[in-house]
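Before any comments, here is the structure.
The values are calculated or read from the model by the stated rules, or taken from the named source; none is laboratory data. Nothing here was measured: the structure is a model prediction, and the numbers come from that model. Quick reminder, even Gly has a Cβ in these numbers, built from the backbone with ideal geometry, and neighbours come from all protein chains shown. Accessible surface is based on the protein model in full, side chains and every heavy atom, while ligands, DNA and RNA are left aside. Shrake-Rupley method; radii C 1.70, N 1.55, O 1.52, S 1.80 Å.
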Amino acid sequence: MGLRHIERPWGIGRMRSGCCLAATLLVPVLGQAQGSSVMIDEIVVTGEVVDRLGIIPDEEVDSIFGSSRSLLETPRSATMISSELLEQYNAQDINDLVRFSPGVYTSSFFGVAGNLDVRGSPGDNYFRGMKRIENPGNFPTPIGASDRVDIVRGPSSPVYGPGKVGGYLNFVPKSARADTGRFMRGTRGSATGTWGSHGKRVAAAEFGGPMTVGDTDAGYYVYGLFEDSSSYYRHNFQDQLILQSTFDFDLTETLNVTVGQQYHNFKGTENAGWNRISQRLIDDGIYLAGSPLVSLDTDGDGFISGQEVLAAGGLFLFHPFGSPVDNPLFHLDPDTVREVEISRKQVLIDDIDRIKSHSFAFFADLEWEASEQITVTNKFFLDYLDRDKRASYGFSQDNQGLSIENKILVQFSQEYDWGSLDASLAPSYRYYRATDRGDFDFEYFDRRDLTLPRGTPGDRILTSLQDPVRTPWTADERSTLHNPGVGLLVDAEFYDRAFIILGWRYDWLDLKSLARHDNDRRDSKTFKAPSWSASLSVDIGGGLRPYVTWAEQSTLITNQTGGVPANLVRDGDALDDSELREVGIKGLLFDGRVYVTAAHYEQKRSSFSAQTLTVLATESKGQELELRWVVNDELSITGAATWQTTKYNPVTDRFIFASPALTGLPPELSYGGTIGSTVGLVGGDAEKRAGVPEFLLSIFANYELRDWDFSLGVTQQDSVDSGVGGAVRLPSATLVTASAGWSRGPWRLQASGTNLLNERYFRGLFPDIFGDSVVFPERPRSFELRATYAFGG
């Protein structure tokens, strides 16, 4: 993203050479044909202020409704984040997006930041407007590979297909800059090295430029990232390789082709955080240590197999109908039991644990300008995932997912005396295939003593990934989805004052499932899924636009890989309805230097069950406030605030892994196995969703002085219950982030720090089921140095 300028009634701003956006805008003025190479050495612009970080979201985006409108003109709550702003605020994963946007906070999915909760409910991920395979925690979503991240709060547009009511993230890859490559004089790019606390090491490079294929003008852009990092947490690491490329061709004056791909190879571990949690552990760091009294490794191979657990009588009890007090299998060895102070780096990861994930996305767009009023685009998207993981506390998975989607987007635009009309018709077809195998019958968080340097034969579980005979898979399922559908969007503007957007969609969902763990049972169902939306906004003058949106969306219930569980197909419960009511106001004030939004929303997702993995049944109400302010050429400010209440809907007794703090059982007589119960039998608040703060606030300021730039920000998060049982309360936290950068010629250096006050804070870990037994301790103060060398021009 080049320098951008905001009009103001005083001062002089300058655009330096290499500003792609300025060059693009000036091509028609200079009478150059599209595809010419144009380089502007220097332009003096009077009455403007520089917005280097993309603070004011003034560019058009089509990731919300499918029609190109700026965020000001779009009657929905959304946030657009540039790559420059991501770097300035040192955002390292999607959990850091709370620094930019209201309504987003995500509890930990075993330490893997794959997806974002939006308005208290899991969201979707999109790539250039096309839906990706589900990723609640399959691999970390690489936000650093994005040129822009759009956060949309509320259901997706009817032209996108069925989605979740909370919202979604749309990632625009850095390689999407291929369309600007045609306007460069030559190859241009950069190389970046990053070194950080706890062994962080990352190298990245990107470059692009013009090219010709025969007589065809084209542009290309390539991005690559390699990481070989250790971690603050014991036995944790992150190795990954990301390769992106995009090629943009003008076949004729009216026909354009864009093709590209993203490959991501990730190796690391899950992080189950602290086990054996209590309020004293959270407040003072005091941990109850001790090893299991009885070793079940009867064959001496160093692992406890599922067969050995069953032969001993099992390590699971349901409270209050069973008690471990008289069962020595659940007891800790009294000679080893003691209270000790524990470090946040001592977590439930063994040195033999791992995740391996390969994902690949490919896209091809063919755009034809049929006339001045009609554009036809064919969008093809393929997404593939192959992943397996092993955790020696007793859980392994083997997942594969394949999504193939083709969409034809016919767009009509016409000006009239009374205003304008834009309409989009989008027939589409999506094929989805998922294979999901998991073993969770022998999952025992508390059996391991975290004060020991690694797992022992007394607590290491032989997983199905290692030996599916001695520890059989709990679930082994295949599912396929054939999803033809059609979406219609009408966007009308009346006398430059009133704006109406109407959307409608209808999907046919043909589901087939194979449950190999259930005697190869096969089931199939077909669902019909209507969705619709209606939005109205009014320009009342002074740069203010109040709006209202009402939407109902059909939601498909899926598992961790996006497949549909076999029992839901069998029982016909794979589809539910979601609903959104939102009112708000947006403003672009003070000569376009201040952008502000405020919204009130009520959303509801109806469900037969509140315990699905990726589609939670919740009812949320809240208020959101966002501020973007470019004060002058040197100073800019951003802010986001959220007040929200999220409840389960319907309110039912919820199965959980229960801690002694809930059951009242002696900890030293319980930690050898797993105690299950339901909230309602052991107390707690079964209505309110745990792990979701009711108040969040983030304020950042950026200052530039000659070759230097500085950033300072504060994020405040409310205290929350660790799990739905409510026996352990996680404290509020004030998190301070800062950075300082220096740029001269082709070089840029940036030093940054996170959690500078060294707050001791926590994140709920899968709080809907496991949060009363485990919790994620966040990292202490950390620092990072980034060096970038830019070349070309």
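Summary of computed values
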item: Any hit, the range 594-615, residues being under 24 Å from G103 (Cα atoms), buried (at least 20 other Cβ atoms within 10 Å of the Cβ), modelled with pLDDT under 90 and hydrophobic (A, V, I, L, M, F, W, C); result: yes
item: Residues being acidic (D, E) and either over 14 Å from the mean Cα position of the chain (by Cα) or farther than 29 Å from D772 by Cβ (or both) - total across the range 81-121; result: 2
item: Single condition T298 does not satisfy, out of (1) within 23 Å of R470 (Cβ to Cβ); (2) touching a helix residue (DSSP H, G or I) at 6+ places or on another chain (Cβ under 8 Å); (3) open to solvent by less than 30 Å² (accessible area, probe 1.4 Å); result: (3)
item: First in the range 735-747 and in contact (Cβ under 8 Å) with a residue 24 or more places away in the chain, second anywhere and of a type in the set (G, A, S) and open to solvent by 20 Å² or more (accessible area, probe 1.4 Å), Cβ under 6 Å, 6 or more apart; result: A740/A751; P746/A790
item: The listed residue being open to solvent by less than 50 Å² (accessible area, probe 1.4 Å) and in a strand (DSSP E or B), out of A690, A701; result: A701
item: Of the criteria (1) more than 26 Å from the chain's Cα centre (by Cα); (2) in a strand (DSSP E or B); (3) in contact (Cβ under 8 Å) with a residue 60 or more places away in the chain, which one F783 fails; result: (1)
item: Number of the condition not met by R433 [criteria: (1) modelled with pLDDT under 95; (2) out of contact with any Asp or Glu (no Cβ under 9 Å at 6 or more places or on another chain); (3) basic (K, R)]; result: (1)
item: Qualifying positions in the range 773-791 - in contact with a helix residue (DSSP H, G or I) (Cβ under 7 Å, 6 or more places away or on another chain) and modelled with pLDDT under 95; result: none
item: Hits in the range 467-515 (condition: of a type in the set (G, A, S) and either more than 30 Å from the chain's Cα centre (by Cα) or in a loop (DSSP other than H, G, I, E, B) (or both)); result: A492, A498
item: Residue count, the range 627-671 (criterion: touching an Asp or Glu at 6+ places or on another chain (Cβ under 8 Å), among the aromatic types (F, W, Y) and in a strand (DSSP E or B)); result: 3
item: Residue under evaluation G676, criteria (1) under 26 Å from the mean Cα position of the chain (by Cα); (2) surrounded by fewer than 21 Cβ atoms within 10 Å (Cβ to Cβ), criterion not met; result: (1)
item: Selection from the range 82-133 of residues that are open to solvent by less than 10 Å² (accessible area, probe 1.4 Å), small (G, A, S) and closer than 30 Å to W708 by Cα; result: S82, S101
item: Total residues in the range 541-558, condition of a type outside the set (D, E, K, R) and more than 27 Å from V486 (Cβ to Cβ); result: 5
item: Matching residues in the range 318-361 - criterion: being among the aromatic types (F, W, Y) and in a helix (DSSP H, G or I); result: F330
item: Those residues of the range 350-383 which are out of contact with any strand residue (DSSP E or B) (no Cβ under 8 Å at 6 or more places or on another chain) and within 30 Å of D449 (Cα to Cα), in sequence order; result: D351
item: Odd one out for S230 among (1) touching an Asp or Glu at 6+ places or on another chain (Cβ under 6 Å); (2) of a type in the set (G, A, S); (3) open to solvent by 60 Å² or more (accessible area, probe 1.4 Å); result: (1)
item: Tally, over the range 558-585, of residues that are of a type in the set (A, V, I, L, M, F, W, C) and crowded, with 20+ Cβ neighbours inside 10 Å; result: 6
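To keep it simple, each residue is scored yes or no on (1) within 21 Å of S278 (Cβ to Cβ); (2) in contact with a strand residue (DSSP E or B) (Cβ under 9 Å, 6 or more places away or on another chain); (3) open to solvent by less than 20 Å² (accessible area, probe 1.4 Å).
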{"residue": "R706", "(1), (2), (3)": "no, no, no"}
{"residue": "L712", "(1), (2), (3)": "no, yes, no"}
{"residue": "T734", "(1), (2), (3)": "no, yes, no"}
{"residue": "W742", "(1), (2), (3)": "no, yes, no"}
{"residue": "W747", "(1), (2), (3)": "no, yes, no"}
{"residue": "A751", "(1), (2), (3)": "no, yes, no"}
{"residue": "E759", "(1), (2), (3)": "yes, yes, no"}
{"residue": "R779", "(1), (2), (3)": "no, yes, no"}
{"residue": "Y789", "(1), (2), (3)": "no, yes, no"}
